[in-house]
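Q: Submitted below is the structure of interest, expressed as structure tokens.
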């Protein structure tokens, strides 16, 4: 199962470890999965598109499932990006190369950024940690969100920050970012107060979480199942929420300009809106914070 998720090496596994075991009883094999883009090196893609390999294709889009309520399915896919619907619901191979995934209109309300909320349920920040502070390395970033469940769950991006700093010195920055979450929760009259900061549970983040536990910081780990997903999968995971208008950007976050890596601009909008699936070496510090933040706020509590 989930044969499409193995990016490389699956053909060797099949030919050397699985196929030989079927010989004694002339057995059959079933490989299932959701198409994950056009990739000539992906064994699942090869098996579906190269008939000389001998696999028989069974195409099963979501609508073909007799137990699925058509009206419910229509509600679910309404507002989803067309390419996401094509891949995730129609079970078709989609060529994502060169595609900008998120659109500015999805973050705006009537074509404009929004005010800070008069009230909300809580405010939280999401942190992406760098290990090294050199110009060629990733930065460390944080995005602060306001979550309001009335009349239905939605998020407002309140503020963001990105800095070039060695991971060791984040121990001095994280308390400041935590204080920012508390301050924003007071401005936005958060009924439940601040939730604190969510930090990747890997690399430098592990050290910060341990130090936070010792020093009483209001910090929490981002679930490892979420952080281990490829960026493309995380983007698809939250695409429905963003495309349907459940995530807005505040005027303050929209107009903010920061100098980072010798470039002065709105790095949040640049990283989120210019993210292209399949392209290597993209700046993604704030993009990761955006993905985690939306998943945690609007997902099932574990980011899904």
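Q: Of all residues in segment 160-194, which are touching a residue at least 60 places away in the same chain (Cβ under 8 Å), surrounded by 21 or more Cβ atoms within 10 Å (Cβ to Cβ) and not in a loop (DSSP other than H, G, I, E, B)?
A: 160, 161, 162, 184, 185, 190, 194
Q: How many residues does segment 209-223 hold that are in contact with a helix residue (DSSP H, G or I) (Cβ under 8 Å, 6 or more places away or on another chain) and either within 30 Å of residue 8 (Cβ to Cβ) or crowded, with 18+ Cβ neighbours inside 10 Å (or both)?
A: Number of matching residues: 5.
Q: Here's something else I'd like to know. Could you list, in sequence order, all residues of segment 224-255 that are surrounded by fewer than 19 Cβ atoms within 10 Å (Cβ to Cβ) and more than 24 Å from residue 159 (Cβ to Cβ)?
A: Listed by number, the residues that qualify are 224, 225, 228, 229, 230, 232, 233.
Q: Further question on the same structure: Give me the pairs, please: first residue somewhere in segment 5-21 and free of Cβ contacts under 8 Å to residues at least 60 places away in the same chain, second residue anywhere and part of a helix (DSSP H, G or I), beta-carbon distance under 6 Å, and either six or more positions apart or on two chains.
A: Pairs that qualify, where the first residue is free of Cβ contacts under 8 Å to residues at least 60 places away in the same chain and the partner is part of a helix (DSSP H, G or I), are 10/43; 11/43.
Q: Do we have residue 95 as touching a helix residue (DSSP H, G or I) at 6+ places or on another chain (Cβ under 7 Å), surrounded by fewer than 18 Cβ atoms within 10 Å (Cβ to Cβ) and not assigned by TED's automatic domain parsing to the domain that holds residue 57 here?
A: no
Q: Sort out which residues of segment 62-83 are surrounded by fewer than 18 Cβ atoms within 10 Å (Cβ to Cβ) and either closer than 15 Å to residue 233 by Cα or outside the structural domain of residue 44 (by TED's automatic domain parsing) (or both), and write them in order of number.
A: none
Q: Separate question: Scan 216, 179 and give me the residue that is in the same structural domain as residue 229 (by TED's automatic domain parsing), modelled with pLDDT of 90 or more and on the phi > 0 side of the Ramachandran plot.
A: Result of the check over 216, 179: 216.
Q: Taking the condition out of contact with any helix residue (DSSP H, G or I) (no Cβ under 9 Å at 6 or more places or on another chain), touching a residue at least 60 places away in the same chain (Cβ under 8 Å) and assigned by TED's automatic domain parsing to the domain that holds residue 274, does residue 200 pass?
A: Considered against the rule, which asks whether it is out of contact with any helix residue (DSSP H, G or I) (no Cβ under 9 Å at 6 or more places or on another chain), touching a residue at least 60 places away in the same chain (Cβ under 8 Å) and assigned by TED's automatic domain parsing to the domain that holds residue 274, residue 200 comes out as no.
Q: Looking only at segment 98-117, which residues are part of a loop (DSSP other than H, G, I, E, B), under 18 Å from the mean Cα position of the chain (by Cα) and modelled with pLDDT under 90?
A: The answer is 99, 101.
The values are calculated or read from the model by the stated rules, or taken from the named source; none is laboratory data. Keep in mind the model is a prediction, meaning the values are calculated, not measured. All Cβ positions, glycine included, derive from the backbone under ideal geometry; neighbour counts span all protein chains shown.
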